Amino acid sequence: MNNRLKKALTVLAPTAVVLTAGVTWFVSRTPASHFDSVISPDLSPALVSRGKYISRLSDCVACHSVPDGAAYTGGLKMVTPMGAIFATNITPDQTTGIGTYTLADFDRAIRAGVAKDGRRLYPAMPYPSYAKLSNEDVRALYAYFMKGVPAVHRENKKSTIPWPLNMRWPLSFWNELFVPAGQYVQDSAHDEQWNRGAYLVETAGHCGACHTPRSLAFNEKGMNSHSSQFLSGALIDHWFAPSLRNDPNTGLGRWNEQDIFDFLKTGRNSHAVVFGSMTEAFNNSTQFFSDADLKAVAHYLKSLPRDASHTVQPWQYVPTTAEALDPNQRKTPSGAQTYMAKCSFCHGTDGRGQSVWIPPLAGAASSLTADTSSQINITLNGSGRVVANGMPDAYRMPSYRSQLSDQQAADVLTFIRSSWGNRKTVISPNDVKNIRKRTTPAQIFPVILKTE
């Protein structure tokens, strides 16, 4: 070994040791909590009641429950590009749940994505949004989960993500890059109602987890109203969660604040009825918001501007000629024939539906957005039951999976997306085939995840 190499090793070896020690400390450290010094947290009935409401705002039950299990006992399968993960038991069971968590432990899991044993949580748990929860709301949630939720012993399922992709220490660096620090801070440029809506949408409600596109690192491209990407629409679980910004075609531009309120309160309005993943969010969360909170959400969402770079002409209704819908005409396209046979009774020959019970297809965001996943998915698999005030909806979109071939489904959807002023989008049989093999029919029976 020559002298030059010896000198290089003399310098590099200690540097490598220091770097290794630094990385080891960084990825294994326990983040500080505002509650580290709290020994006897408040678990009063009033705080438990408040925590139950915060759990509704945060929709904890939908992800941490399955229809055949007790609430909050976990088991929900979440598919990622690397494999499946399963929601965990968050009842106060001492061995399989969070019964041994202190308030500080709970806080670290909720706002920092770190479990009691030091494991980094996958950001399928929306701690990047919860990071801005107020201390008061974290205290209330803890009280509810410790005293308002029955302890249930149910073992957690292991993820199917293979080694080495299942190593969680790299999430320490991911968290450092993408998780906001500190509680929500009110924006003095807006009024109290707007700030309450921002808190509910950006933080507790974590709406961006579904409605905001993600980058290659799986982080949301925007976390608040300052980003034009925030709530601009995203594909999740073979549903396209539409834009919640004010684009007149693919967003909420034609909705007013009352429309948004009605949609979140009753599951429907003259523009749309909840379907897909939003059905669960409505059934278990938004309908339980106070009226004041729903109005705040609506007020905030209507403040989000459309993407100014999009200069597409706003949708206007254009009647489809009677000849185009006449099954006796030789030139009637097969998609129109299928529409008249399968769809027109409910959605109308004019595509305008039957307000407010059956949504329009004319001018619907799902008919105008470039991503066709939602319309293919609901055509094949139907919609789940909307349960408002404990009463399952009498109307639901049926599954046509067994009645329509890939070609027929593609033809009828192409017809819908080319009619009544909708922007023409051709759907191919292969588009339908790909979603058919990755999805299953919606349950015909209502799924009510009871929290008590």
Quiz prompt | Highest average packing first - 116-128, 427-439, 368-380, Cβ atoms within 10 Å | solution = 368-380, 116-128, 427-439
Practice problem: Please report, to one decimal in angstroms, the Kirkwood hydrodynamic radius of the stretch 68-171 built from all distinct Cα-Cα pairs. | Solution: 14.4
Practice problem: Rounded to whole Hz and in sequence order, give me ³J(HN,Hα) for the stretch 202-210 from the Karplus expression 6.51 cos²θ - 1.76 cosθ + 1.60, θ = phi - 60°, writing x for Gly and Pro. | Solution: 7, 10, 4, x, 6, 4, x, 4, 9
Quiz item: Which length gain, in nm to one decimal place, applies between residue 313 and residue 407 when the Cα-Cα distance is subtracted from 0.36 nm times their residue separation?
Solution: 30.8 nm
Quiz prompt | For the chain: Kirkwood Rh in Å [reciprocal of mean 1/r, alpha carbons] | solution = 24.0
Self-check item: Counted charge near residue 433, where neighbours are those whose Cβ lies closer than 13 Å (Asp, Glu -1; Lys, Arg +1)
Solution: +2
Self-check item: Under 20 Å from the Cα of residue 302 - aspartates and glutamates, other chains or at least 8 residues apart
Solution: 187, 191, 192, 202, 247, 257, 259, 262, 291, 293
Practice problem: Quickly estimate the mean residue ellipticity at 222 nm for the chain, helices only: each DSSP H run with n ≥ 4 gives -39500 (n - 2.57), and the total goes over all residues, rounded to 500. | Solution: -9500 deg cm²/dmol
Exercise. Pull up all non-local amide H partners of residue 234: gap of 5 or more, or a different chain, and H-to-H distance under 5 Å with H placed in the peptide plane.
Key: 241
Practice problem: Please give the FRET efficiency for residue 169 paired with residue 235, using the beta carbon to beta carbon distance and R0 = 35 Å, rounded to the nearest 0.05. | Solution: 0.75
Quiz prompt | Global form of the stretch 60-117, assessed from the alpha-carbon gyration tensor, a/c cut-off 1.5 | solution = oblate
Quiz item: Which net charge results for the neighbourhood of residue 400, defined as the other residues with beta-carbon distances under 12 angstrom from its beta-carbon, given Lys and Arg at +1 and Asp and Glu at -1?
Solution: +2
Quiz item: Just the accessible area per residue of the chain, please: how many Å² with a 1.4 Å probe?
Solution: 50
Quiz item: Once you sort the root eigenvalues of the Cα gyration tensor of the stretch 164-269 as a ≥ b ≥ c, which label holds: rounded (a/c under 1.5), prolate (a/b larger than b/c) or oblate (the other case)?
Solution: oblate
Quiz item: If one takes the longest principal axis of the Cα atoms in the chain, at what angle in degrees, from 0 to 90 and to the nearest 10, does the Cα axis of helix 291-301 lie?
Solution: 80
Quiz item: How would you order 67-78, 408-419 from highest to lowest mean count of nearby Cβ atoms within 10 Å?
Solution: 408-419, 67-78
Quiz item: Normalised by the number of residues in the chain, what is the relative contact order in percent for Cα pairs under 8 Å and 6+ residues apart?
Solution: 13
Quiz prompt | Distant-in-sequence amide H partners of residue 114 (H built 1.01 Å from N, under 5 Å) | solution = 109, 121
Self-check item: Charge context of residue 290, other residues only, Cβ under 14 angstrom, K/R +1, D/E -1
Solution: +4
Quiz item: For the stretch 60-71, in order, what is each residue's ³J(HN,Hα) by Karplus, 6.51 cos²θ - 1.76 cosθ + 1.60 with θ = phi - 60°, in whole Hz (x at glycine and Pro)?
Solution: 5, 5, 5, 8, 9, 9, 10, x, 9, x, 5, 4
Quiz prompt | ³J(HN,Hα), Karplus 6.51/-1.76/1.60, whole Hz, each residue of the stretch 408-414, x for Gly, Pro | solution = 5, 5, 4, 5, 5, 6, 5
Exercise. Using a 1.4 Å probe over the heavy atoms of the protein chains, calculate the carbon and sulfur portion of the accessible area of the chain as a whole percent.
Key: 58
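The values are calculated or read from the model by the stated rules, or taken from the named source; none is laboratory data. The shown structure was predicted, so the numbers you read here are calculated from the model rather than taken from an experiment. So basically every Cβ, Gly included, is an ideal-geometry build from the backbone, and we count neighbours across all protein chains shown. Side chains are part of the model used for accessible areas, which takes the heavy atoms of the whole protein and leaves out ligands, DNA and RNA. Shrake-Rupley method; radii C 1.70, N 1.55, O 1.52, S 1.80 Å.
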